[in-house]
Amino acid sequence: QTYANWELLCMDDGSTDNSLLQLKEFVEQDRRIHMYTYEHTGSHSAMVNKAINLSKGEYVTTIDADDYISCDYLELAIKRLLDTNADLCISSMYRVGTNGEILSTLEGVNGDTDLEITAHDAVVYSLDWSISALGVWKKRIFIDIPADESGYSIEYTSRQRLFSCNKVVFSTGIYNYVQHNQAITKRLGP
């Protein structure tokens, strides 16, 4: 990242592949990376809540294990948050294939990343996915509204969080949302 003042919390939810060994190598290489290992819970929300409570910063973002961000993601978001005193800076989201091919993009509101919008407008835009809720948030919102661990809906929790924002802004930093058939969001369930 071009922004240097970050910490990375890696939550190992009982992995059975070589990811734990890779994480240990990363921890040894960079003091800003921390690893926490748990018995398998199968709960993405539980891991997010644990990570938020362990984090030390004023701002947080979540990145799923199969996704990745641009190297200026944090710098651009933090600058916008500080310049506007917003509670959330939503990054540009690129849906990408497993080979890195860009399948679609979602940038600002209809391509306008200079907008500042209200919480109400953010929720309305999010209902049809005109905007995502992927970005850098003030940590207090994640503390006040933890992820729903019952498995009901991260979408509902995201909208609760959007409603609690004083203002929402956008940046051109990129969250690459990898599309593949094994993703948890592709599985059907109750």
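The values are calculated or read from the model by the stated rules, or taken from the named source; none is laboratory data. Everything numeric in this text was worked out from a predicted model, so none of it was measured. Every residue, glycine among them, receives a Cβ derived from its backbone with ideal geometry; neighbour counts consider all protein chains shown. Note: areas computed on protein heavy atoms with side chains; ligands, DNA, RNA excluded. Shrake-Rupley method; radii C 1.70, N 1.55, O 1.52, S 1.80 Å.
Brief remarks follow.
- Put simply, when 119-125, 14-20 are sorted by average Cβ atoms within 10 angstrom per residue, most first, you get 119-125, 14-20.
- Computed from the C-alpha gyration tensor, the three semi-axes of the ellipsoid equivalent to the chain are 25, 19, 18 Å, from longest to shortest.
- Rolling a 1.4 angstrom probe over the protein heavy atoms with all chains in place gives the range 41-190 an accessible area of 53 Å² per residue.
- Of all DSSP beta bridges in the chain, antiparallel share, percent nearest 5: 50 percent
- Cβ crowding within 10 Å averaged over residues, with 72-79, 23-30 ranked highest first: 72-79, 23-30
- Candidate lysines for bridging to Lys79, where Cα separation is under 18 Å - those fewer than 8 sequence places away on the same chain excluded: Lys138, Lys139, Lys167
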